[in-house]
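Down below is the structure, laid out as structure tokens.
Here, each number is a calculation from the coordinates, and none is a lab measurement. Since the structure is predicted, the reported quantities are computational estimates derived from the model, not experimental observations. Note that we place each Cβ from the backbone using ideal geometry, even for glycine, and neighbour counts take in every protein chain shown.
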Amino acid sequence: MLDVKGLSVSVDEKEVLHDVDLRVEEGEIHAIFGPNGSGKTSLLMAIMGVPPYRVTEGRILFRGEDIAGLTAYERARRGIGMSFQRPPTIQGLKIRKIVEISSRGKADAEELASYMGLEEFLDRDLNKGFSGGEIKRAELLQLLAQDPDLVLIDEPESGVDLESIKLIGGAINRLLKRDIRLRERREMPLKAGLIITHTGYILDYIKVDRAHVMCNGRIGCSGHPLELLEQIREMGYEECVKCHLQGS
């Protein structure tokens, strides 16, 4: 589904990612841990093609096609969707309309909004006056409408109460068909997910297949999600950074 090879990315002539390799197979969900400023969001922005993140070296392969030169909307049309950590407020754009745009008129806005607890928000301006949890739920609502094959999610539990985290976890499972029994899922088109999490709380609601730790714009190590999370909680990201520096 996704194969990132030797990826280096710059923002305003400053390199923020250095020689990153990452492979996510169809049907897999991967998590990315890392301290603030380690390059996690930069990686998702580069995969999605959001300016001003500029690929200087390497390739981003989506289903075998190098998409590094495509615009964000071209990547979205190919089946990549992203939930942003800090999406903008857009006055004049109603949630009902963005759901219609995201799904190309195919989604039932009322049903999806009800599922996300946003039925009373459909005719409000996107994110205007929303709480942190409401913004996250609105982002997931748009992704559910888009129904992408590759789902990129940046800090779904950031600034969110526990009740909203549970709802968001359920929405992510629905997006990635993890709410369907494995036998039935095998007969469906496979999807994949890449989730950034600083705290790891979202892993209480989503079964992640593999995790990676980012330090200083590089992937320092990879392994079992819960084992890595346990080490991070025990020793902190500072030890991860030291380990990465020693290894490099």
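The table below gives the values:
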{"quantity": "Full-extension gain in nm, THR89 to ASP204, via 0.36 nm per residue minus C-alpha separation", "calculated": "38.4 nm"}
{"quantity": "Acute angle (nearest 10 degrees) that the helix 162-175 long axis makes with the longest principal axis of the chain, alpha-carbon atoms", "calculated": "90 degrees"}
{"quantity": "Residue-span extension gain [ARG77 to GLU100] - 0.36 nm each, minus C-alpha spacing", "calculated": "6.8 nm"}
{"quantity": "Pairwise label distance in nanometres, ARG54 with SER222, each label 7 Å out on the Cα-Cβ vector", "calculated": "2.9 nm"}
{"quantity": "Beta bridges per DSSP with both ends in the chain, % antiparallel, nearest 5", "calculated": "60 percent"}
{"quantity": "Cα-based helix-to-principal-axis angle, 132-146 vs the chain, degrees rounded to 10", "calculated": "80 degrees"}
{"quantity": "Cα centroid separation - the stretch 128-162 against the stretch 1-73, whole Å", "calculated": "20 Å"}
{"quantity": "Principal-axis tilt of helix 225-247 within the chain, Cα atoms, nearest 10 degrees", "calculated": "40 degrees"}
{"quantity": "Built amide H within the under 5 Å cut-off of GLY34, gap 5+", "calculated": "MET214"}
{"quantity": "Listed residue pairs exceeding 21 Å between alpha carbons, taken from LYS106/LYS166; LYS128/LYS166; LYS128/LYS177; LYS40/LYS97; LYS177/LYS207; LYS106/LYS177", "calculated": "LYS106/LYS166; LYS128/LYS166; LYS128/LYS177; LYS40/LYS97"}
{"quantity": "For the stretch 14-61: rounded, prolate or oblate by the Cα gyration tensor [a/c cutoff 1.5]", "calculated": "oblate"}
